[in-house]
Amino acid sequence: MADSKASLSIDGNVIAELPIHKGSAGNDVIDIRTLGAAGYFTYDPGFMATASCESAITFIDGDKGILQHRGYAIDNLAKQADYLEVCYILLHGEAPNRTQYDEFKSIINNHTMVHEKLVHFFHGFLPDAHPMAMLCGVVGALSSFYHSDLDIHAPDQRMRSAHRLIAKMPTIAAMAYKYSIGQPFVYPRNDLNYAENFLHMMFSVPAEPYVVSPTVARAMDRIFTLHADHEQNASTSTVRLAGSSGANPYACIAAGVASLWGPAHGGANEACLTMLTEIGSLDRVDEYVAKAKDKSDPFRLMGFGHRVYKNFDPRATVMRDTCHEVLKELGIQDPLLDVAMALEKVALEDPYFIEKKLYPNVDFYSGIILKAIGIPTNMFTVIFAMSRNVGWIAHWDEMLGQPGQKIGRPRQKYTGEINRKFIPLSER
Ligand code: CMC
């Protein structure tokens, strides 16, 4: 039922009456689904103003710097909940009570191990393979282990896939790291919490246990939470599009991992730390700011700018506080943090960045925290993928549970040749 109507007229003639629907918050949407029949497509490369779906999971108001999951503000979640609680909220829509939380935690714990055969997949990779390449391949391969449990129309089977993915992602991510440095894989420990267990699998060795610092575990958990979901970003839209064809969840999540990898998206945290390292000292900050402003130079300040946030990224605010807390508690003096602070200051005061509304995003500080807690740079995007996994799976599950779900099939503005006479090769 339309809340109101828009009429589209071309050269003074009304060609379509388009229903307008209201959401619970955010922009109203003009339903253009009948427009194709009137002989028009809308044209919106990069989805600047296109709502691709209806969703009740995450709300963002980019102008006001608001991010809410199921109505709960991100800074409350980051400071007062743990990541598994956020996973529950994203998947189920409500904050769990103690019994529901304990039950959810125990289900996730029961799925943390991977089949021993999966170990062999890693041995097919060269040791210098990027961990994202391993994550992408191995997550996709999970579907070959659970083919009897892949009825995407059965809500209980979809939820089981969600649990498996949330539980196994850290195990697979840590295995990718261990493989890349030539150390034996470390099995999960279910007596530890989600973040502690990940750190244990990353840093324990058979010769010596790894004592997990509560500060580091808390920071890790907060990084997971701050990356858990972000409505219809590139990787989530990729998962939805892959899933719209009926593809299995593991294949869809592998597609999400691939999409996240790019430096304009999840790859930005790795690129940001590489950039800060390259800048190296305070006296070079101005030079890099000038490079970022130079139209003839493709260089961009990594960790700056966002398609949606035009005032500030609320995740970056929490991440910045966490960054200071972690470095202080661990007693780390990192010169890169000084470079980051100087860069932030210059960029925020510079008319170029003010005019284009370019603010530090979540990836600007996360790299410094990850570095401080000993995570190697090439694992940064893997950690983003592990964290975002729950968002992807929540959106995939929501989409499949909606009535009238259709395969995603965008149209195009065609600019190629037409009606050419084909001349056989022998005559050309
Ligand atoms: N440094 C310098 N200039 C920039 C930057 C930057 N980081 N980002 C955007 N601009 C300029 C850009 O050159 C353009 O200028 P003009 O209008 O003169 O052509 C203008 O700002 C608008 O940029 P855009 O590329 O049209 O904006 P977008 O909304 O398509 O891109 C973005 C958003 C995040 C891809 C982009 O800001 C960027 O490449 N940032 C650096 C990479 C990064 O940090 N990505 C992580 C995003 S947050 C984590 C996540 O959600 O994945």
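Protection proxy ranking of 378-386, 323-331, by the mean of other Cβ atoms within 10 Å over each peptide's residues and highest first, is 378-386, 323-331. Each peptide in 161-169, 31-39 receives the mean, over its residues, of other Cβ atoms within 10 Å, and ordering these scores from highest gives 161-169, 31-39. The relative contact order of the chain comes to 20 percent, based on Cα pairs under 8 Å that sit 6 or more residues apart.
What ranking do 364-374, 19-29 get when scored by the average of other Cβ atoms within 10 Å per residue, highest first?
364-374, 19-29
Span-like helix check, the chain: qualifying full DSSP H segments, with Cα axial length of 24 Å or more and mean Kyte-Doolittle of 0.0 or more, are 380-401. Accessible area ranking (1.4 Å probe, heavy atoms, ligands and nucleic acids excluded), largest first, for HIS130, HIS200: HIS130, HIS200. Annotation: lysines with alpha-carbon distance below 21 angstrom to LYS293 (same-chain offsets under eight excluded): LYS310, LYS345, LYS356, LYS357. Could you work out the helix-only [θ] at 222 nm for the chain, with each DSSP H run of four or more residues adding -39,500 (n - 2.57) and the total divided by the number of residues, to the nearest 500 deg cm²/dmol? Taken over the chain, the calculation gives -15500 deg cm²/dmol.
Maximal additional length on extending the THR34-HIS92 stretch stands at 17.6 nm, based on 0.36 nm per residue less the C-alpha distance. Overall shape of the chain was characterised from the C-alpha gyration tensor. The equivalent ellipsoid obtained from it has semi-axes of 36, 29, 24 Å, in decreasing order. Of the accessible area of the chain, with the probe set at 1.4 angstrom, what percent is carbon plus sulfur? The C+S portion of the solvent-accessible surface of the chain is 53 percent.
Between ASP156 and ALA56, the modelled label-to-label distance comes to 2.3 nm, taking each label 7 Å out from Cα in the direction of the beta carbon. When the Gaussian network model of the chain links Cα atoms closer than 10 Å, the mean-square fluctuations of TYR146, TYR72, TYR43 top out at TYR43. Label-to-label distance, ASP102 versus ARG409, with points set 7 angstrom from Cα along the beta-carbon direction: 5.1 nm. Each Cα pair under 8 Å and six or more residues apart adds its sequence gap; the mean of these over the residue count of segment 205-278 is a relative contact order of 21 percent. Per residue, the chain exposes 50 Å² of solvent-accessible protein surface, assessed with a 1.4 angstrom probe and all protein chains in place.
Top mean-square fluctuation among ARG315, ARG98, ARG284, Gaussian network model of the chain, C-alpha springs under 10 Å? Among ARG315, ARG98, ARG284, the largest GNM mean-square fluctuation belongs to ARG98.
Residues considered: GLU231, GLU17, GLU344. Largest GNM mean-square fluctuation over the chain, using C-alpha springs under 10 Å, is found at GLU17.
The values are calculated or read from the model by the stated rules, or taken from the named source; none is laboratory data. What you see is a predicted model, and the numbers here were worked out from it, not measured in a lab. Here Cβ is always computed from backbone atoms with ideal geometry, including for glycine, and neighbour counts include all displayed protein chains. What goes into the accessible areas is simple: the full protein's heavy atoms, side chains included, and nothing from ligands, DNA or RNA. Shrake-Rupley method; radii C 1.70, N 1.55, O 1.52, S 1.80 Å.
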